[in-house]
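So the structure is just underneath, and the comments pick up after that.
The values are calculated or read from the model by the stated rules, or taken from the named source; none is laboratory data. What you see is a predicted model; the values in this text were computed from it and never measured. Quick reminder, even Gly has a Cβ in these numbers, built from the backbone with ideal geometry, and neighbours come from all protein chains shown.
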Amino acid sequence: MVDPSAAARLAPPDAGEIAALSSAHEHVLASIADACARAGRDPSTVRLVAVSKTVPPERLRAAVVAGLTTLGENRVQEAEAKVDLVPGATWHLVGPLQSNKAKRALAAFATIESVDSVDLAERLDRLAGEARPAIRVPILLQVNVDGDPAKAGFEPDDLVAALPRLTALEWLDVRGLMTVGRLADRAEDARPTFIALRALSERLRSGSASGAGLGPELSMGMSDDYAVAIEEGATIVRVGRALFGSRV
Ligand SMILES: *Cc1c(COP(=O)(O)O)cnc(C)c1O
């Protein structure tokens, strides 16, 4: 929740910063539209999450004015430090979540994109059900489609087995799948990862009764490869550097 008294004390965002971020936003929207045109998709089916890790709250206030209202963070603590200082933003957690921070994550984030185990899902479900008022939390299931040992996420076969338990959780709205592609020199190299996530989603959703509880969202694609991800069906792209510049 935004503390209104804290929000009222904030300095107004810098006009030059707003102009620069508006222009970066427009550029990314144009690339999204181009990728949608190539794929015969409607651009309104793609949502942009502006990944704001390391970006200070003053700049994020300018980002909100520039229309970047959905922000992604990969650490609970960093988001907690920003939430009250950036009124008007909605936050997605895109990084790994330790169970002991689950309650704080539910307080800071509207959507948790990085649910990567049944234990974590069950804990989030219990906490969401205990909240007053209880809330049904939108989540995505992170999948390690490449079997990359450095990456978090369900192994695809494990997810097939776990899906009935996950979609039965009362207080979680399992909107779809998320993946982090492997680091690649060329955007094209990420395409097989994106194809695999979409194929897994289709298989899970058509395969069984529990698949009916899995939503169609596909969060995939970052600054270097979001156009390719959209060609392969991304409904959420998580873009940091292409909006905010490189992180130092
Ligand atoms: C940092 C990050 C992004 C954004 O990466 P960019 O290369 O800056 O676009 C997307 N997803 C996750 C999970 C991240 O940690």
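How do the pairs read when you match residues in region 149-161 that are over 16 Å from residue 96 (Cβ atoms) with residues anywhere that are exposed (fewer than 11 other Cβ atoms within 10 Å of the Cβ) and at pLDDT below 95, using Cβ under 6 Å and keeping only pairs 6 or more apart or on different chains?
Listed pairs, sorted by first residue: none to list.
In the set 188, 217, 232, which member is among the acidic types (Asp, Glu), in contact with a strand residue (DSSP E or B) (Cβ under 6 Å, 6 or more places away or on another chain) and closer than 25 Å to residue 30 by Cα? Can you show your working first?
Numbers: 188 fails: in contact with a strand residue (DSSP E or B) (Cβ under 6 Å, 6 or more places away or on another chain); 232 fails: in contact with a strand residue (DSSP E or B) (Cβ under 6 Å, 6 or more places away or on another chain).
The conditions single out 217.
Looking only at residues in region 79-116 that are over 24 Å from residue 220 (Cβ atoms) and not in a helix (DSSP H, G or I), which one is nearest to the ligand (Cβ to nearest atom)?
The selected residue is 86.
I'd like the full set of residues that are more than 9 Å from the ligand (Cβ to nearest atom) and either in a helix (DSSP H, G or I) or among the aromatic types (Phe, Trp, Tyr) (or both), limited to region 217-240.
Correct list: 227, 228, 229, 230, 231.
Of all residues in region 155-183 being in a strand (DSSP E or B) and within 21 Å of residue 237 (Cβ to Cβ), which is nearest to the ligand (Cβ to nearest atom)?
178
Residues of region 176-192 being closer than 19 Å to residue 114 by Cα, in contact with an Asp or Glu (Cβ under 8 Å, 6 or more places away or on another chain) and surrounded by fewer than 21 Cβ atoms within 10 Å (Cβ to Cβ), which ones?
Selection gives 182 alone.
How many residues, within region 164-182, are touching a Ser or Thr at 6+ places or on another chain (Cβ under 6 Å), closer than 18 Å to residue 230 by Cα and at pLDDT 95 or above? Lay out the reasoning, then the answer.
To start, the set of residues in region 164-182 that are touching a Ser or Thr at 6+ places or on another chain (Cβ under 6 Å) comprises 164, 167, 174, 177-178, 181.
After this cut, where a residue has to be closer than 18 Å to residue 230 by Cα as well, the list is 177-178, 181.
This time we only want the ones that are at pLDDT 95 or above, so: 177-178.
The total comes to 2.
For region 184-216, what are the residues that are among the hydroxyl-bearing types (Ser, Thr, Tyr) and not in a helix (DSSP H, G or I)?
The first filter runs over region 184-216 and keeps only residues among the hydroxyl-bearing types (Ser, Thr, Tyr), leaving 193, 201, 206, 208, 210.
Hit for region 184-216 is 208, nothing else.
Restricting to region 164-173, what's the tally of residues that are farther than 10 Å from residue 118 by Cβ, surrounded by 21 or more Cβ atoms within 10 Å (Cβ to Cβ) and either without any contact (Cβ under 8 Å) to a residue 24 or more places away in the chain or not polar (S, T, N, Q) (or both)?
So the first thing to find is which residues in region 164-173 are farther than 10 Å from residue 118 by Cβ, and the list is 164, 167-168, 170-173.
Subsequent filtering for residues that are surrounded by 21 or more Cβ atoms within 10 Å (Cβ to Cβ) retains 167, 172.
Subset that is either without any contact (Cβ under 8 Å) to a residue 24 or more places away in the chain or not polar (S, T, N, Q) (or both): 172.
The number of residues fulfilling the criteria is 1.
Is it fair to say residue 201 is of a type in the set (Ser, Thr, Tyr) and within 16 Å of residue 114 (Cβ to Cβ)? It would help to see each step written out before you state the result.
Working: of a type in the set (Ser, Thr, Tyr): yes; within 16 Å of residue 114 (Cβ to Cβ): no.
It is false that residue 201 is of a type in the set (Ser, Thr, Tyr) and within 16 Å of residue 114 (Cβ to Cβ).
If only one of 125, 185 is more than 16 Å from residue 197 (Cβ to Cβ), of a type in the set (D, E, K, R) and at pLDDT 95 or above, which one is it? Steps first, please.
Details: 185 fails: at pLDDT 95 or above.
Going through 125, 185 in turn, the sole match is 125.
Here's a check for you: in region 205-216, which residue that is in contact with a Ser or Thr (Cβ under 7 Å, 6 or more places away or on another chain) and small (Gly, Ala, Ser) is nearest to the ligand (Cβ to nearest atom)?
Restricting to residues being in contact with a Ser or Thr (Cβ under 7 Å, 6 or more places away or on another chain) and small (Gly, Ala, Ser), the top hit is 213.
How many residues does region 27-72 contain that are surrounded by fewer than 23 Cβ atoms within 10 Å (Cβ to Cβ), within 13 Å of residue 86 (Cα to Cα) and under 16 Å from the mean Cα position of the chain (by Cα)?
Count: 2.
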